[in-house]
Amino acid sequence: MRILRATDYKVMPWKNGLGATTEIAVSPESDGLDNFAWRVSMAQVSSDGPFSSFPDIDRTLLVLAGQGMVLEVDGQPPATLTQASPPYAFAGDATTSARLVDGAIVDLNVMVRRGLVRAYVERFDLAAPQRFSTTGVRLLFVQTGKLNAQSVAHYETLTTNDTLLFDALVPSLIVGPSVATTLISIELAFGSPHADRF
C-alpha cells in the first residue's frame, strides 16, 4: 500500500507543449510518455484547444473543478463534462479538442495501454466506511474531503487530492470519511479484455 501525497506529485509539460500536467502515478515509472502501461494525472485547462495524441491508449476523463468543458472527439457527438458528469472514456489517438464552458477547469486523466490494461473508473460520495480489494491495482483519489484508510498493517489519513494505491498483495482495505468526502476509484485490470472483471 502506498500513500501518494498531493505535495509530492510531479508537474511536467503536456505532450503537445500547450500546458502542464500533474502526474499522480505511472507504470513503469521511468518510461516517459510513450511507453507507459498506465498513467493517472491531473491537468489545469485554461484555454480552448486540442488534446495531445496518445496512440494505442484509452483515456478516461473527469472534471474535478471549474464549470466544465465541451469535449469534441472525432466520430463522437460533442460531450459537455462537468463535476456532476460520470467518467468519460475515449480513444487517446482520436482527434480531440476541448472548449471551456466558463473559465479554467481541472480534470483527472486515466490512461491505459489498449489491449494490456483496462480501467474502471467511478466517482461517488463516501458516506460510510467501505471495504475495497483488487486483483490488479486500485487507486483511491480523494477529490474533496478527508479519508481514513486501514489495512492489516497500516493506518493512514488522506486529504483532498491525495491518493491511496494498493494491489492484490493487500487482501482488503477499509476506508471511511471523517468529513464529507468525494472519492474516485480507479481499478486497473491486466490481461485479456475478455476476462471477467475482478
Next on the checklist: For Ser85, only one of the following conditions fails: (1) open to solvent by less than 40 Å² (accessible area, probe 1.4 Å); (2) modelled with pLDDT of 95 or more; (3) in a strand (DSSP E or B); (4) within 28 Å of Leu173 (Cα to Cα). What is its number?
Outcome noted: (3)
Checklist outcome for this item: Taking segment 91-128 and keeping only residues that are assigned to a strand (DSSP E or B), within 23 Å of Ser185 (Cβ to Cβ) and open to solvent by 20 Å² or more (accessible area, probe 1.4 Å), one is left with Ala91, Val106, Arg113, Arg118, Ala119, Tyr120, Val121, Glu122, Arg123, Phe124, Asp125
Checklist entry - Applying the selection to segment 154-174, what residues are modelled with pLDDT under 95 and either in contact with a Pro (Cβ under 8 Å, 6 or more places away or on another chain) or part of a loop (DSSP other than H, G, I, E, B) (or both)? => result His154, Ala168, Leu169, Val170, Pro171, Ser172, Ile174
Next on the checklist: Looking at Asp56, Asp74, Asp8 in this structure, which one is under 27 Å from Asn148 (Cβ atoms), open to solvent by 70 Å² or more (accessible area, probe 1.4 Å) and not hydroxyl-bearing (Ser, Thr, Tyr)?
Outcome noted: Asp8
Next on the checklist: Being in contact (Cβ under 8 Å) with a residue 12 or more places away in the chain, hydroxyl-bearing (Ser, Thr, Tyr), more than 21 Å from Lys10 (Cβ to Cβ) and open to solvent by 20 Å² or more (accessible area, probe 1.4 Å) is the filter here; which residues of segment 152-190 pass it?
Outcome noted: Thr157, Ser172, Ser178, Thr182
Checklist entry - Name the pairs whose Cβ atoms lie under 7 Å apart, with the first residue in segment 24-40 and closer than 17 Å to Gly115 by Cα and at pLDDT 85 or above, the second open to solvent by 40 Å² or more (accessible area, probe 1.4 Å) and in a loop (DSSP other than H, G, I, E, B), and 6 or more positions between them or separate chains? => result Phe36/Pro28; Ala37/Pro28; Ala37/Leu116
Next on the checklist: I'd like to verify a number: residues in segment 1-34 that are among the polar types (S, T, N, Q) and within 18 Å of the chain's Cα centre (by Cα), how many?
Outcome noted: 4
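The values are calculated or read from the model by the stated rules, or taken from the named source; none is laboratory data. Predicted model, so just to flag it, every value in this text is computed and none were measured. Positions of Cβ are backbone-derived with ideal geometry, glycine not excepted, and every protein chain shown enters the neighbour counts. In case anyone asks, the SASA skips ligands and DNA or RNA and just uses the protein heavy atoms, side chains included. Shrake-Rupley method; radii C 1.70, N 1.55, O 1.52, S 1.80 Å.
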